[in-house]
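*Asks:* Handing you this structure, nothing more for now.
Bear in mind that the values in this text are calculations on the coordinates, not laboratory data. Bear in mind that the values here come from a model prediction, so they are computed numbers and not experimental data. Backbone-built Cβ (ideal geometry, glycine too); neighbour counts: all protein chains shown.
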Amino acid sequence: MSTWKYPLLLIAGIGISYLGSWIYLIALNISILNMTGSAAAVAGLYIIRPIAILLTNTWAGSVIDRVNKRKLMIWVDIARGGLVFLIPFIDSLWTIYFILLVINMVGAFFGPSSSVYITKLIPVNERKRFNSLMSMTSSGAFLLGPAIAGFLIMYVSTDICILINAVTFLVCAFFIFLLPDVDEKVKNKREPIRLQTLLGDWNIVKDFSMKAKFFITVYLLFQSAMLLGFALDSQEVTFIKQVLELSDRDYGLIVSLTGLGALGGAFVSALVAKKVALKVYLGVGMLLTSAGYVAFYASYDFFTATAAFVFLGFFMAFANAGYATFFQNTVPVDIMGRFASITEMFQGMVQIALTLLLGFAAEVFSLQFVCLIFSGVSTAFALILLISIFRPSKASYFKEEVSV
């Protein structure tokens, strides 16, 4: 258990931050709606993150790979906490949008930095279990956050919820401060980030991508299936209310039960991490997740929709833990920040395009028909992924160290 002291500290810190972010998200939506009375103003909140990614991720990775990851994560959380703290005291919508843009630009450094830090901190043979526990923490925050937010909004105010998120960022920063430094040598490698530096870094990522053809194949197939799923998520409430003709209460219950499914999946995936192969997590997990989307959009009542979404949430926990582990085991740690930042930018662009395409297609054709087509294509990508990674010639890519 002593070997898990630091991993559990990291999980606790990020988990508290996740919980605060869910409380804050619910409160911010309601706060903006109360301030403006405009659904469009609330929708504007969801455009800010993709814009921040486009502005930041072309160069964020170059910074991440050249600085101390632990210190960067601490400063990112302190900055986010300070900026979030300002929001309740501002009554200008555009000023709030600007602050949220800065928060998301700063936050773009945290994900890739934490991936590199986790890869260095966690031994290879423990990564699958660690990623499963992280997934369980995320699912738990997804379940508890909205419930806590609803209680606080009912009895206190949205401002308190937003301030709580500011505090959770600071708590996360403190927990990371208690962790060991894994980047001592980075101090000697600092250099100014110029255009020439960025071009050189992009070429390094391109060269890695050209050499690591099997990894890129797995990456493209997995992300294609997953991004189609994310696009389908944008239509879930419309499908539930307009096609299945269910109530807001039913929708809330389905989402809560899906969260329970994801929490259960993450718990089981952590429990069997030593017994089930990585390629099963990645390939079978993604295939069953995609099949869950097909089942959901083929559903015809509350019970079939709920069963499909619980099934989907359960196996998505396996898929995410499998992909995170495969990524950590395959991408060289010295270019991981650059690779993650650049690919995240392209993923964001593809996700926006797929979401818009799905929305427009649903206006022309039946929503259920279009969603079944999208989920069917996602399943096809997942099936090709499964076949690719289970080929005997690729077994060496999924070897895992076994602790004695």
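*Asks:* Rank by packing, highest mean first: peptides 352-365, 306-319, with packing defined as the count of other Cβ atoms within 10 Å averaged across residues. Walk me through the numbers on the way to the answer.
*Replies:* On the way: 352-365: 14.1, 306-319: 23.4.
Highest-to-lowest ranking by the protection proxy: 306-319, 352-365.
*Asks:* If you don't mind, there's one more thing I want to ask. Quick one: longest stretch of the chain between exposed loop trypsin sites (Lys or Arg not before Pro), exposed meaning at most 15 other C-beta atoms within 10 Å and loop per DSSP?
*Replies:* The answer is 1-189.
*Asks:* What translational diffusion coefficient, in µm²/s and rounded to a whole number, does the Stokes-Einstein relation yield for the chain at 4 °C and a viscosity of 1.567 mPa s, taking the hydrodynamic radius as the Kirkwood radius over Cα pairs? Could the numbers behind the result be given before it?
*Replies:* Details: Rh = 22.2 Å.
Result for D is 58 µm²/s.
*Asks:* Also: Among Val156, Val268, Val182, which one shows the biggest mean-square fluctuation in a GNM of the chain, springs joining Cα atoms closer than 10 Å?
*Replies:* In this elastic network of the chain, the residue with the biggest mean-square fluctuation among Val156, Val268, Val182 is Val156.
*Asks:* Mean separation of Cα pairs under 8 Å and 6+ residues apart, divided by the residue count of the chain: what relative contact order is that in percent?
*Replies:* Values: 560 pairs, mean separation 106.9, N = 404.
26 percent.
*Asks:* Right, something else. Given the convex hull over the Cα atoms of the range 1-177, what projected area results after averaging over all orientations, in nm²?
*Replies:* Values: hull surface 42.2 nm².
For the range 1-177, the mean projected area of the Cα convex hull comes to 10.6 nm².
*Asks:* In addition: In whole Å, what is the distance between the alpha-carbon centres of the range 200-234 and the range 116-136?
*Replies:* Using only Cα atoms to place each centre, the spacing works out to 21 Å.
*Asks:* Using a simple charge model, +1 on the beta-carbon of Lys and Arg, -1 on the beta-carbon of Asp and Glu, nothing else, what dipole does the chain show about its Cα centre, in debye to the nearest 20? Mind dumping the intermediate values first?
*Replies:* On the way: 28 positive and 22 negative charges, 309 e Å.
That gives the chain a dipole magnitude of about 1480 debye.
*Asks:* Do you know the relative contact order of the range 198-391, to the nearest whole percent, from alpha carbon pairs under 8 angstrom that are 6+ apart?
*Replies:* On the way: 215 pairs, mean separation 71.2, N = 194.
Taking the mean separation of contacting Cα pairs over the length of the range 198-391, I get 37 percent.
*Asks:* Right, another one. Kindly point out which whole DSSP H helices in the chain project their C-alpha atoms 15 angstrom or further along the helix axis while averaging a Kyte-Doolittle hydropathy of 0.5 or above. Walk me through the numbers on the way to the answer.
*Replies:* Values: long enough: 5-36 (46 Å, 1.31); 39-64 (37 Å, 1.47); 69-86 (26 Å, 0.74); 93-107 (21 Å, 2.08); 110-121 (16 Å, 0.42); 127-155 (41 Å, 0.67); 158-177 (29 Å, 2.27); 195-211 (24 Å, 0.01); 213-233 (30 Å, 1.44); 248-271 (35 Å, 0.96); 285-297 (19 Å, 1.17); 302-330 (41 Å, 1.11); 336-364 (41 Å, 1.10); 367-389 (33 Å, 2.30).
Once both thresholds are applied, what remains is 5-36, 39-64, 69-86, 93-107, 127-155, 158-177, 213-233, 248-271, 285-297, 302-330, 336-364, 367-389.
*Asks:* Taking the dipole about the Cα centre of the chain, with the C-beta of Lys and Arg at +1 and of Asp and Glu at -1, give me whichever of Ala319, Thr36, Gln235 is farthest to the positive side.
*Replies:* My answer, from the dipole projection, is Ala319.
*Asks:* Given the C-alpha atoms of the range 198-391, compute the convex hull and give its volume per residue in Å³. Let's see the in-between values first.
*Replies:* Values: hull volume 23.6 nm³, N = 194.
Here the figure is 122 Å³ per residue.
*Asks:* Calculate, in nm to one decimal, what Phe302 and Met210 gain on full extension: separation in residues at 0.36 nm each, minus their alpha carbon distance. Numbers along the way, then the final one.
*Replies:* Numbers: separation 92, 0.36 × 92 = 33.12 nm, distance 4.69 nm.
Stretched fully, the Phe302-Met210 segment lengthens by 28.4 nm.
*Asks:* Of Met345, Ser366, Leu278, which is farthest on the positive side of the dipole of the range 198-391, counting Cα position, with +1 on Lys and Arg Cβ, -1 on Asp and Glu Cβ, and the Cα centre as origin?
*Replies:* Going by the Cα projections, it comes out as Leu278.
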